[in-house]
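The values are calculated or read from the model by the stated rules, or taken from the named source; none is laboratory data. Remember, it's a predicted structure, so these values are computed and weren't measured experimentally. Because the Cβ atoms are built from the backbone with ideal geometry, glycine has one as well, and the counts that use them run over all protein chains shown.
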Amino acid sequence: MITVATKLGVVIAEEIGIVFGDMYAGWIHGTVHFVAVYGLFVVGGQLRRILLAVSPLDEGSQDADTHIALFRNV
C-alpha cells in the first residue's frame, strides 16, 4: 500500500503544481466525527478538487489541537 500511495502522491504533486489550496470538511455519523481533507487547484482553467484523506477523529476531544494533529498526519 505504501508503494501505491507513493506513486499516486507523485502523480498528484505533478498535477497540482506549486499553487493550490486546501479545504476541510467534517460530518458526524452516529457518534463518530469524520474529517476529510481536499486539495484544490486549477488545470486548464477548470477548478479541480481531489480527496487527499478522510479519517474518523478519535473518541474524546474534537478541539482545534485534535484537528491540527490529524492534518499533520495527512
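Here are a few things to note about the model shown:
- Applying the criterion of being surrounded by 10 or more Cβ atoms within 10 Å (Cβ to Cβ) and farther than 23 Å from PRO56 by Cβ to the residues of the stretch 13-39, the residue that is modelled with the highest pLDDT is GLY21.
- Filtered residue count, the stretch 30-49, keeping only those that are over 22 Å from ALA69 (Cβ atoms) and either of a type in the set (Ser, Thr, Tyr) or out of contact with any Asp or Glu (no Cβ under 8 Å at 6 or more places or on another chain) (or both): 7
- Top-ranked residue in the stretch 30-46 [being assigned to a strand (DSSP E or B) and without any contact (Cβ under 8 Å) to a residue 24 or more places away in the chain; ranked as farthest from the chain's Cα centre (by Cα)]: GLN46
- Qualifying residue in the stretch 41-53 (condition: loosely packed, with under 12 Cβ neighbours inside 10 Å, of a type in the set (Gly, Ala, Ser) and over 25 Å from ILE18 (Cβ atoms)): no
- Enumeration of residues in the stretch 54-64 that are hydrophobic (A, V, I, L, M, F, W, C) and surrounded by fewer than 12 Cβ atoms within 10 Å (Cβ to Cβ): ALA64
- Pair list, Cβ < 8 Å and 6+ apart or interchain, from the stretch 1-29 residues that are assigned to a helix (DSSP H, G or I) to residues that are small (Gly, Ala, Ser) and modelled with pLDDT of 80 or more: ILE12/GLY39; ILE16/GLY39
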